[in-house]
1. Residue farthest toward the positive end of the dipole of chain B, with Cβ of Lys/Arg at +1 and Asp/Glu at -1: which of B:V50, B:G87, B:A154?
2. Per DSSP H run of at least 4 residues, take -39500 (n - 2.57); add these up for chain B, divide by its residues and hand me the 222 nm value, nearest 500 deg cm²/dmol.
3. For a quick check, take a GNM of chain A with Cα springs below 10 Å and name the residue from A:L52, A:L80, A:L26 with the largest mean-square fluctuation.
4. Once whole DSSP H runs in chain B are found, which of them have Cα atoms spread over 20 Å or more along the helix axis and a mean Kyte-Doolittle score of at least 0.5?
5. Could you tally the net charge around B:L46, taking each other residue with its Cβ under 15 Å from the Cβ of B:L46, Lys/Arg +1 and Asp/Glu -1?
6. Rounded, prolate or oblate: which fits region B:94-209 when a ≥ b ≥ c are the square roots of the eigenvalues of the alpha-carbon gyration tensor, with rounded for a/c under 1.5 and prolate only if a/b beats b/c?
7. Among rounded, prolate and oblate, which fits the protein assembly as shown when a ≥ b ≥ c are the square roots of the eigenvalues of its C-alpha gyration tensor, a/c under 1.5 means rounded, and a/b larger than b/c means prolate?
8. Treat the count of other C-beta atoms within 10 Å as a stand-in for reagent exposure and order A:T44, A:T64 from fewest to most.
Amino acid sequence: MRFDVLELALIAGGLTYLWRYVPLRLSLGDMPKDGILARFLAATGPAAIATLFVAEMLPMVHDTQAVQGRAGVGVLAVILAFAWRKSVVFATLAGACACGAAAALGLW
Amino acid sequence: MAQERSSGLAGVQAVIPLVLGYFPIAFSFGVAATRSGLSPFEAFSLSLIVFAGAAQFLAIALLASGAPVLVAGLTLAAMNLRHVLYGPTLLQRAGDHRATRWGWLWAFALTDEVFGAALGAMAKGQRFSETFMVILGFGAYAAWLAGTVAGAWAGGGALDAWPAVGAGLDFMLPALFLALLLSILTARQVPAIVMAAAATVLGTWYGSATLGLFAGMIAGALVGLFGRKAGGTDAV
């Protein structure tokens with residue numbers, strides 16, 4: 001194993017673990033539910049997931065028409081599948097399958 | 001005891017979507033890693049030590065570009081800085097059931113998807129427990145490692161003959177994020193979501209992808225400061 005890969009993994013992995021663990025030790029869960037920090041944190045989850053979704057989609061939006069088209073099909077499939085079954089896994093797999101099917105059929 | 005068994009069962013039920021979603025994404029990571037010149041063991045080591053999907057894909061690009069290791073490592077760590085807010089958010093939602101005795105363990109596996117799944121389960125009435133978090137986190141971790149091994153073993157050219165499968169796998173991560181977002185969507189969160197999306201686009205366009213991630217998360221969370229007081233669910 002190359003040393004630079006191990007070094008990179010240890011730096012990124014070690015710091016990521018600290019980001020995830022240290023805040024648990026700071027008793028931030030004791031805050032009042034209607035407090036500023038509580039409202040800030042309540043909005044963080046949806047904001048983080050929305051951010052990651054948009055960040056994942058942006059390269060596809062700037063890609064070829066074919067990629068844009070199948071990404072659109074995938075998004076539509078996720079929304080429809082979730083509306084139907086209210087299942088994260090079903091919606092995820094439906095989106096990926098729809099995107100793959102659109103590519104296979106050469107719809108764009 | 002019965003409560004722990006119930007939490008364990010709930011954890012198993014909640015982790016199944018993550019396992020099914022993580023395996024193919026990790027498979028495509030293994031393929032991409034070996035395609036870029038990493039050995040299967042190196043790809044596996046990244047998954048074993050880092051366990052952060054988007055950061056691992058970025059790690060491949062940074063290694064391939066020859067970026068200095070310290071700079072690359074700190075870039076990846078900065079990208080994951082958003083995870084600072086996940087534990088406290090879950091504990092705040094946990095209310096009287098919050099516990100951190102085993103936090104050193106389940107915090108390791110507190111990825112975006114695990115956080116989203118835990119939040120979604122709690123929004124549907126699941127009581128917070130450390131057993132639930134350990135099963136959820138390490139079930140996802142096992143799937144991530146297994147998928148990486150399978151992808152690395154298949155090799156860099158595994159999907160060349162199957163472009164449609166590759167296209168589907170490429171869409172797996174955004175599909176998972178969108179599904180997670182839909183699962184926790186409430187009317188109260190819409191302003192934060194819209195602000196996060198807008199800030200991500202602007203940050204990415206006028207800065208970089210990493211700046212876009214930070215801008216989106218911080219802007220969206222800041223909207224929470226000016227929103228209505230917590231209390232209801234206002235489901236969409």
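1. B:G87
2. -24000 deg cm²/dmol
3. The residue with the greatest mean-square fluctuation here is A:L26.
4. Membrane-span-like by this criterion, though nothing is claimed about a membrane: B:2-35, B:130-154, B:190-206, B:209-226.
5. Net charge around B:L46: -1.
6. oblate
7. rounded
8. So the ranking, lowest neighbour count to highest, is A:T64, A:T44.
Any read-out appearing in this document is the output of simple, stated calculations on the displayed coordinates, not a laboratory observation. These numbers come from a predicted model, not from an experiment. For neighbour counting, all protein chains shown are included, and Cβ atoms are generated from backbone atoms with ideal geometry for every residue, glycine included.
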